[in-house]
Structures are given as C-alpha cells and as structure tokens.
Amino acid sequence: MAMGAFIAGLLIADSPFRHEVVAEIQPFRGLLLGLFFMSVGMSLDLGEFLAQPLTVLGMLVALIALKFVVLWALARLFGLRARVGAAVAMLLSQSGEFGLVLFAYTHQAQLMSADLYTQLLLVVVLSMLVTPPLAYLAQRLAAARVDPQKASDEVPVRAPVVLTGFGRVGRRIGQILTLAGEPYVAIDRDSSLVLRERANGHRIFYGDARRPEVLRAIGAADADLVIVTVDDFEATENIVTALHQAYPDLTILARGHDADQCRTLRKLGARIAVSETLEASLELAREVLIRDDSDTARVEALLRRFHQKHYNNVDEANVQ
C-alpha cells in the first residue's frame, strides 16, 4: 500500500489536476504528517544513540556519502553540470519517510533484529534532521553557477497573469497574451477542456477557482493580476470574493454580463469589471456608424464618450 501511494503521488504531481488535489488534501496533510512523526519519535530509543554515538554517526555519514556519490554520478549521466549535480545529490542524500516504512515492515516480518532496527531508525531520523543545512548548501551551490543574463530569460515558475476560466473568452485572452509574449497560467473546472487545451500547448490546470486553497496552489499570491472570465455569474462573484479576501491588494479583472453585474463585481473587490454586452454593442454600433458616416474620428469619439459614461455610472454606483 505504501509503494502504491508513493507511485500514485508521483503520477498526480505531474498531472494537470495537481492543484485541485493539493487543495483537497491540504486539511489532512498536516494532521497525518504530525501523527507520522509523532509515531516515529515515540519509536526512537535515545539510549541506543547515547550508548553508541560513534557507530550511529558513522552510519549516518556513510549513508549520506554513499547516496551523494550515486546521485551525483546519475546527475552527470543525465547531463547536469557538476555544480548542479552536486546540489541535487546533496539535497537528496538523506534518507526519507519511505525508509522508515520499509524498515518497519522488515522488522515486523522478523527479517532484522530489534537492535539493528533501532540503529537504522536513528540513522534515518538523524539524516532527516540534517536536511535543512544540506538544502542550504545545495541552494548556494546551484545559485553560484546561475548566469543572471540567462536567468532573466527563463520562463518564471509562477506566471504574472492568472486566468480563471478558459472558455471562449479566456481562451482568446490566452491567445492574445501568447502573441504578446506575456506568460500566463489558466485554471478551469472542465476536465475535458483542460486535457484538450493542454494538448494544444496551453498552460492550463484543473481546479475550482472558488476555493482559496486552489488559488494559492495556482500561484495567485505571486501574480500581478487575475482575470476572471467564468461564464457562470454566481461563480464569478464567488471567485472575486475569495480573491479579494485572500489577497486584498491583488488587481482583479472580471467579466460581467451587464452594468448591474459589473457594479456587483466592483463592490466585491474587482478593480475593473467589463460588460460583455456593452463591448459587443459598441462593436456592432461602430460598424453601423462607420458604414453610414465617413467621419471615422467623429464615430470613435462618440463611442468613446458612450463607453466612458457607461463605466462612470458603474463607478458612481459602486461608490454609493
């Protein structure tokens, strides 16, 4: 069961559904981790360490050194540079929770003595305790070789723009952002749409954007702005509310159906709420007026005044 759960976790971690899964298991993760490490701590025999400190520390050093050499060789084999390979090897050179599970099963099956099990348990726990300083050294090693010029050209892990909803409107916004060279990440509740659009090369993940945990997992906290393009107005209200409550300073752009919905979204925390009926009306009116009037500048000025008056009314209602 432990191996099955481990493999399942690896598969999910590389799927477009990972953000929703992280949000689902978040309440249980801390509880189960706490129980796991409490049970491990209660199984430790500190007397064994005090009785044979050199033996235990020697086994610890041997474990880290052996794993470091093997991992560094594998990293070099897969084409990583020497310093990066050393950083990876150092970060992964400790033992992990799965070792504790294996040793526990082995002990229960009477394949190892109680004394050996106690020593191995001490080595595993001590190797986990030295992870923070090893991780710090690994970070220093990896950072020492980063070329600032090349680093600035890399695609950021967190995109500055988050699209919630990737239907007709969201997909078009994504296409425009791609043409402009602006990185973005999208989220949608339609799993078939997510799989289809990922196959087309779009950076989209499955998840319910109304949940703060999903918004946090998708990177809303690090985004410059979030664009809400969901077709369901009630869901749009919930998303804007969740975003504004979790990140009050975040710029939120929302899609509304009409002026009343735009006013509601502005009250809920959207910085800008765009009326889709107004924009469609303006485009249709523009075509009619340009066809009947050759003075394009006059037509554009008229439409601009109408546009400004409409959104001024939305703003005034929001203030009131």
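Quick note: the coordinates plus some simple rules give every number you see, no bench work behind them. No experiment lies behind these values; they were computed from the predicted model shown. Cβ sites come from the backbone with ideal geometry, for glycine too, and all protein chains shown count toward neighbours.
If you take the beta carbon distance between Arg76 and Lys267 as r and set R0 to 56 Å, what does 1/(1 + (r/R0)^6) give as a FRET efficiency, to the nearest 0.05? The computed FRET efficiency comes out at 0.45.
222 nm [θ] for the chain, helices only, -39500 (n - 2.57) per DSSP H run of 4+, per residue, to 500?
Values: 16 runs with 218 residues, N = 320.
When only DSSP H runs of four or more count, the value is -22000 deg cm²/dmol.
For the pair Phe98 and Ser39, label points projected 7 Å from Cα toward Cβ lie 1.8 nm apart. The residue list Thr131, Ser113, Leu91 was ranked by how far each Cα lies along the charge dipole of region 44-147 toward its positive end, using unit charges on Cβ atoms, and Leu91 comes out on top. Panel note: the C-alpha atoms of the chain, placed on their principal axes, show extents of 95, 40, 35 Å (largest first).
Can you list the DSSP H helices in the chain whose Cα atoms extend at least 30 Å along the helix axis and whose mean Kyte-Doolittle hydropathy is 0.0 or higher?
Details: long enough: 18-43 (34 Å, 0.74); 53-77 (36 Å, 2.06); 296-319 (34 Å, -0.91).
Sorted by number, the helices that extend far enough and score high enough are 18-43, 53-77.
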